[in-house]
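Single-structure report; data block below.
The values are calculated or read from the model by the stated rules, or taken from the named source; none is laboratory data. All values reported here derive from a predicted model rather than from experimental measurement. Virtual Cβ from ideal backbone geometry, glycine too; neighbours counted across all protein chains shown.
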Amino acid sequence: MEETLQKILSQAFNLFTKYGIRNVSMDDLASNLGVSKKTLYHHISNKADLIHKAMEMHLSLECEIANQIAQSSANAIEEMLNIAEHVMRQLSMMHPSAIYELKKYYPESWELMENHRSKYIYGTVVNNIKKGIEQGLYRPDIKPELIARFYIAKSKVAVEDDFLLKSDYPFTEILLEMMQYHILGIATPKGVQYFEQNLPKIKNIKYVPYF
């Protein structure tokens, strides 16, 4: 990707995440980058195009990060904890309207997220479960593909369900509870012990709020 476009997309994504999509105009982005709107429109067609390309770049980076975590983690449970920590850091800095606005006003870009979740994240969870079974951390009688579908369905509810989002719990706490629900439902006694010993490492992190 051309360097200027990459810089534009990266800064746009950061601003959308911090302030919400509809609160950031093309003028805001140009001013923040210190470039003219003409320069912006040389690289992108309009705001919808900008959001779509920014999402594509972000999801590609997320795949790289998740792959690195999978390779560097000592075992399947540590991998899930490390991914949860990464996601919670992001969610803690996200404006609460960003996801809603993306889904409502930019459905084609939202579809990128849906595809990422149903393909890449699903595959990552399936591989994690198979790895955990081999390591004796997850029960051997579970069905990886089915459990992964449960996980994807729960993650979708955690991010999109109005009833849950209107609760008094922040995203980070919702995700943490979902992670415990997932791991404790499939772990062996050995896995439960490892999980409970290492969970405080992410529970005690002081996440920076978006505001």
If you check Leu146, Leu102, Leu137, which single one turns out to be farther than 19 Å from Gln193 by Cβ, aliphatic (A, V, I, L, M) and at pLDDT 95 or above? Leu146
Regarding region 81-98, can at least one residue be identified that is part of a loop (DSSP other than H, G, I, E, B) and crowded, with 19+ Cβ neighbours inside 10 Å? yes
Pair list, Cβ < 6 Å and 6+ apart or interchain, from region 14-30 residues that are on the phi > 0 side of the Ramachandran plot to residues that are surrounded by fewer than 16 Cβ atoms within 10 Å (Cβ to Cβ) and not in a helix (DSSP H, G or I): Gly20/Ser97
Out of region 17-32, which residues are surrounded by fewer than 17 Cβ atoms within 10 Å (Cβ to Cβ) and either within 18 Å of His58 (Cα to Cα) or hydrophobic (A, V, I, L, M, F, W, C) (or both)? Lys18, Tyr19, Met26
For region 169-191, what are the residues that are over 15 Å from Phe150 (Cα atoms) and among the polar types (S, T, N, Q)? Thr172, Thr188
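Restricting to region 37-56, give me the number of residues that are assigned to a helix (DSSP H, G or I), free of Cβ contacts under 8 Å to residues at least 60 places away in the same chain and surrounded by fewer than 18 Cβ atoms within 10 Å (Cβ to Cβ). Step through it out loud before you land on a result.
In the first step, residues of region 37-56 are kept if they are assigned to a helix (DSSP H, G or I); the result is 37-43, 47-56.
Checking which are free of Cβ contacts under 8 Å to residues at least 60 places away in the same chain leaves us with 37-43, 47, 49-51, 53-56.
From what is left, the residues that are surrounded by fewer than 18 Cβ atoms within 10 Å (Cβ to Cβ) are 37-39, 41-43, 49, 56.
Counting residues in region 37-56 that are assigned to a helix (DSSP H, G or I), free of Cβ contacts under 8 Å to residues at least 60 places away in the same chain and surrounded by fewer than 18 Cβ atoms within 10 Å (Cβ to Cβ) gives 8.
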Long-range neighbours under 7 Å by Cβ, at least six apart or interchain, first residue closer than 12 Å to Gly185 by Cα and part of a strand (DSSP E or B) within region 138-149, second of a type in the set (A, V, I, L, M) and at pLDDT 95 or above: Tyr138/Ala76; Tyr138/Ile129; Tyr138/Ile186; Tyr138/Ala187
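Look through region 13-40, keep the residues that are among the hydroxyl-bearing types (Ser, Thr, Tyr) and in contact with a helix residue (DSSP H, G or I) (Cβ under 7 Å, 6 or more places away or on another chain), and return whichever of them is modelled with the lowest pLDDT. Walk me through how you get there before you give the answer.
Let us first name the residues in region 13-40 that are among the hydroxyl-bearing types (Ser, Thr, Tyr), namely 17, 19, 25, 31, 36, 39.
Next, only the ones that are in contact with a helix residue (DSSP H, G or I) (Cβ under 7 Å, 6 or more places away or on another chain) stay: 17, 36.
Details: Thr17: 92, Ser36: 89.
Out of the qualifying residues, it is Ser36.
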So which of Ile205, Ile174, Ile183 ends up being within 17 Å of Ile83 (Cα to Cα), surrounded by 12 or more Cβ atoms within 10 Å (Cβ to Cβ), modelled with pLDDT of 90 or more and of a type in the set (A, V, I, L, M)? Ile183
Search region 99-137 for residues being part of a helix (DSSP H, G or I) and aromatic (Phe, Trp, Tyr), and hand back the single one that is surrounded by the most Cβ atoms within 10 Å (Cβ to Cβ). Trp110
Would you tally the residues in region 89-134 being more than 12 Å from the chain's Cα centre (by Cα) and within 27 Å of Glu145 (Cβ to Cβ)? 20
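Please go through region 57-71 and give me each residue that is acidic (Asp, Glu) and closer than 13 Å to Leu112 by Cα, ordered by number. Write out each step before concluding.
The initial filter retains those residues of region 57-71 that are acidic (Asp, Glu), namely 62, 64.
Result: Glu62, single match.
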